[in-house]
Structure formats: structure tokens, C-alpha cells
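Written out below as C-alpha cells is the structure these notes cover.
The values are calculated or read from the model by the stated rules, or taken from the named source; none is laboratory data. As the structure is a computational prediction, the values presented were derived from the model and not from experiment. Quick reminder, even Gly has a Cβ in these numbers, built from the backbone with ideal geometry, and neighbours come from all protein chains shown.
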């Protein structure tokens, strides 16, 4: 590919401008050359010393070799000597005579007699450097040829040179993410549920009737999370459903607190108190949860605080038929439908079913949208349940010219004088989780309005503070209950069931909740423990029906079951009374899974223990993961083989029974 330069005819004006520009360029070049000569003169004494030292050292090193060459019959520089070696000797003798020959052959240096002598190139002292003849040599200044460097500079490697072979591990600096201000600077609440208690009387915003109910349930003080969230929620409803304090739209709340810190009661009390003044029954509070068991638990708490009140709570989880649930939500009348529920507790899939298939089910009066276990609900956003809920809330019925079109609820836009001139009931979102994500991209999917974060973690610090903390507490990614102690048990794959049996039989553990990573592992471990004998065990997974799981949980709470083997179905929010220890039969793959598993014990200020069985290949990764989580101490609990020896005969027999049971199940499933 050829490049062409087209030179157009330039008039006298263009020629004058070009000459002026050329003059400025020459003046600039002169100044740059003067500065270069000054720097060269400053460096010259040191360069000359280095050159003399290097030449002297070279002569001393090569004298014996010259002597041997002369003894061999050829003088240095003689025609009988090989050509390449003669060039080396000539280069060694480039002292005063060599430099004199270089100057004598017409190499001109600008600057007169005071200019410092230039070192001659090793590539060939008898050849003139290109571009230095005539007037071009006078205006070019000191050349930048890398072959004509001073000897002092050419002898050593350049500074900060890249050295091959340096494979040492350097710790990369930790990158601090840039977070929005509400995430980087949350409202910090106390972590201890035993020391930072707040008496009920210290929060006057709670109605006296509600305080009586709290005392009737044995509650005399609020936990730190409750003491911070309840007043904030009640303040947003102090002026009614339409506006918050000052006539503005209420802010959405996000709460990140450890398991067992009272998050459920933190939204039940203000929601119930705010709805007590309603006149017409409409769905004004919607609580969405990821699992059926957790929805049942939250519904039970709502029912305990709405007794003897006109408020009604409906549970929508799919455990009953769609028709039965429709009867608890709406009632058909002569002029339409009548709502039967003020608070709806639902799972996402069943909620969408009722939005699509239940006539008369309306969310247009919804005031509170509570999202419990928010991090898992965000992960289930692929089901598009939240856009369906928002669409049902702001659904417009009828034409724009309808007389009541002005009172219809519309999607909130940017806050302007026109948008606040016609107030409408806002939709306030409340997020609760023990492992609330700090990823702004994920939280953006929820469409939060001026969110307000309550967290037990400290505000995000700078890079220096992140490495060193005065108190020695790094804060960690998540918070754990204060009364929880963490242990790990090194074992092999074959001895894992034996370790579980040893912890229960020899340590006299009772009410133990054991987690596995799959329902197959849970079922086989249950069959093995059942065949071994001596331990009352039960299985809790998707293999069991809803009614069976409900019965199992009740028996476990009553102490009739000593070991409950479960998948992660019970790891989310389930408050099982009296769990003293948690055993991770299979090590969790993710940090937040570990947080929710061990959070089934040490709840509400009690103490508990968590044991994790680790293979040798899992130890390093698991311990590093927990160090990032902020676990203060991970104690090692070794089980010697001598202790397990008495259990081996009975264990081998149980393994053979397990093999027969698995084969029988496969035979029954086969067509």
C-alpha cells in the first residue's frame, strides 16, 4: 500500500506563514539543544571517571591473555592474528589515541573547544555517524544513537529493568469498591443481643396496647435491631398512609443483622400498629419469603399479634389448593368482590399465581412490601415476581378521562412540584437479611427509593484502615451471633459418618441439626444412622411432603428427635427452638450458606456450637473463606482413630445394610 503526499501551490501569504512557523520551530530547537548541552556538561566529569575506571579494569583483565597471544607467535594487531580478535584489541585501546583518531577523521561537535568530547561508538570508530556532515551536523545537536552511550552508562543495566525468572508471590493490594453513600455509611446498630437491650418503655412510638401484647409474650426489652428499625418505620406512618414526615415520600429500609437478632419482630410490630387504624379491609402489607416453612413461621408471628384485632392474615404458599387459598383472600358479593386479608404472607411463585388467576385479588392499596431473606429473593428475580407485583400495585383501570382517573395510583416519577401536588399512597419496601448483598447492581433491581441501611457492620473504611484496625477486629464481611463458637473436624471421606456418630454418642450432643449439600446425601446419611442405631434421627428435605416436614419440625422442637439431617431447606430463617449444635456434614461451598446454617443455633442471645467436617483438600480454602467472613476463632477438633475403633464393627454392618437398602429403593423405582 503506497502513501502519497500532495503538495499544493502556496500563495505568498501561506509562504510567509510557513516561514514564520519554521522560524519558531528553529528557535525552539535551539533552546532544546542548549539545554541538552548543559546537561551533557554536568554529566561529563562522572562519565570520564567511569570510562577511565572501566578501561583500566579491562586492561588488567586482558593482560595475561595478550601475553599468551604474543607467546603464541602473533602480536596484538598483527596481520597473522584472526580478524575478529584484532577488532577486540583495537576496541580495548580506544583511549586517548583512539579518541584522537575519531576527532581527526572529521567528526564535528557543535559548541567549539569548550564542548565535551563525545565517546566513539564501538561498532566502528573509523566510520562517520550518519547525518553529521555539513550543516546538518551543526544543527542536529548531540545524537541519540544508543550505540554511542558513555561507557559508564553502557556498563550497567538500566534502572527498573524487567528481570526474567522472578516468580515470587507478591500480595496484590486489596481493591476497595466504590459504593453509594447509603451502602458505605449505614446506620450502625449494636451487635450484642444481651448487652445492648432497650426497655419497651424507652420507645414511646409503640402503642400501649402493643406493649401489653409484647409483655404477654414475655418480651420486656427490644434487641438493638428492633430498637433502631421500629421507630424509623413508625415515623413514616405517623401522618397516615399518604405521606411521611414533612409531607415527603417515605424512604425504603434495608436491614442487615445476624441470624437470631429479632428481624421478624422488627417489621411485624410497626406494620400491625400502622394497620390498626384502617377502616376498610384491603391488602396493605405483603410479606414475600423464599420457603414455605419460613412463610409459616412469619404468618404465625403475625397471627399472635393480630389476635383480638380486626386485622386478618392470609398465608399463600401452595400447601393448600388454589381454591382454598382464594377463599381466604377474597369473597364474591352481589356487587363484586370483597377483600378478606389485610396482611398476605406468600412465596413468590404462589403469589404470581394468585395475581393471574384469582378474580378480585388486588394489590392497588398495598402500603408495605416486606422482602425477607432479601439476598435469596434477589437471586430468584429471574422468576420476575417483583415486576409483576409492582405492575399489580400501579395497575390503572379505565380511561384517562374517567372521573376517578385523578385518584388512581401511578408509578412514582421524579419529584417535582407537579408530582407532589396530588399525593398518593406510597409503596414502601422493607428488606431484611443476615447476608444482604452490597452489590449495587443487584440492589438496583429492587428499585429502592432513597434507601436507608441499618447494619451491625461498621461503615466502610479507607484502604489504610482496612488493613489495620486499632481494636484488632477487621469487621468481616458478615456478622455472627456473639454466643456462637466455631469448630472444624479434620477427617477422611470414609470416617465422616463415624465422626458424626462420635460427636452425638460420645459427647452426648442432643438436638443436633446436621446439614448436607444434597437430598441424596441427606437420605443416605439418615439410612446409615438409622441402621447404626442408638440415635433417634429424622430426615428433612424435599423428599418429604409439607405435612410430614411440619410434623418432623414439631417433634424436633419437643426433643423427641435427637438428630435432624437436613438440606439447606431449614437453613433460611427457620427458628427451631432448642438447637444446641449444628454439624456441617458437607462443607458449604459459599460463605453466606455457612452463615445461615450456623445461624440456626445461638439465637436470641443463647450459646451454641458449630462443627464442620473437612477433608484435607478442603481445609485451606474453607479456613480462608471464614477468615474473610470475620470469624474470630476457628478451633480445631481432632478425633483420634483410636477413639473410633470401637465403633468400626457396628459401622461396617450399618454400611452393608445401607447398600442393601439403596439397591431395594432402586429396584422399586425401576419400571
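May I ask you to verify whether residue 613 is in contact with a strand residue (DSSP E or B) (Cβ under 8 Å, 6 or more places away or on another chain), more than 20 Å from residue 501 (Cα to Cα), in the same structural domain as residue 557 (by TED's automatic domain parsing) and not in a loop (DSSP other than H, G, I, E, B)? So residue 613 fails the test.
Among the residues of segment 627-640, how many are at pLDDT below 90 and either assigned to a helix (DSSP H, G or I) or over 30 Å from residue 257 (Cα atoms) (or both)?
The total comes to 3.
Criterion first (in contact (Cβ under 8 Å) with a residue 12 or more places away in the chain, in the same structural domain as residue 499 (by TED's automatic domain parsing), within 24 Å of residue 493 (Cβ to Cβ) and assigned to a loop (DSSP other than H, G, I, E, B)) does residue 604 satisfy it? Criteria not met by residue 604.
Pick from 299, 261: which is at pLDDT below 95 and either within 25 Å of residue 212 (Cβ to Cβ) or in contact with a strand residue (DSSP E or B) (Cβ under 7 Å, 6 or more places away or on another chain) (or both)?
Being at pLDDT below 95 and either within 25 Å of residue 212 (Cβ to Cβ) or in contact with a strand residue (DSSP E or B) (Cβ under 7 Å, 6 or more places away or on another chain) (or both) holds for just one of 299, 261, which is 261.
Annotation: of all residues in segment 344-361 being over 36 Å from the mean Cα position of the chain (by Cα) and assigned to a loop (DSSP other than H, G, I, E, B), the one that is surrounded by the fewest Cβ atoms within 10 Å (Cβ to Cβ) is 359. Which of the residues belonging to segment 529-543 are in contact with a strand residue (DSSP E or B) (Cβ under 9 Å, 6 or more places away or on another chain) and under 19 Å from residue 518 (Cβ atoms)? Scanning segment 529-543 gives 529, 530, 537, 538, 539, 540, 541. Once segment 195-210 is narrowed to residues that are in a loop (DSSP other than H, G, I, E, B) and within 36 Å of the chain's Cα centre (by Cα), the residue that is surrounded by the fewest Cβ atoms within 10 Å (Cβ to Cβ) is 195. Conditions: (1) surrounded by fewer than 23 Cβ atoms within 10 Å (Cβ to Cβ); (2) closer than 30 Å to residue 457 by Cα; (3) within 27 Å of the chain's Cα centre (by Cα). Residue 617 meets all but one. Number of the miss? Of the numbered conditions (1) surrounded by fewer than 23 Cβ atoms within 10 Å (Cβ to Cβ); (2) closer than 30 Å to residue 457 by Cα; (3) within 27 Å of the chain's Cα centre (by Cα), the odd one out for residue 617 is (2). The single residue among 413, 383 that is touching a helix residue (DSSP H, G or I) at 6+ places or on another chain (Cβ under 6 Å) and either at positive phi or at pLDDT below 75 (or both) turns out to be 383.
With respect to being outside the structural domain of residue 264 (by TED's automatic domain parsing), touching a residue at least 60 places away in the same chain (Cβ under 8 Å) and under 26 Å from the mean Cα position of the chain (by Cα), residue 651 falls outside the description.
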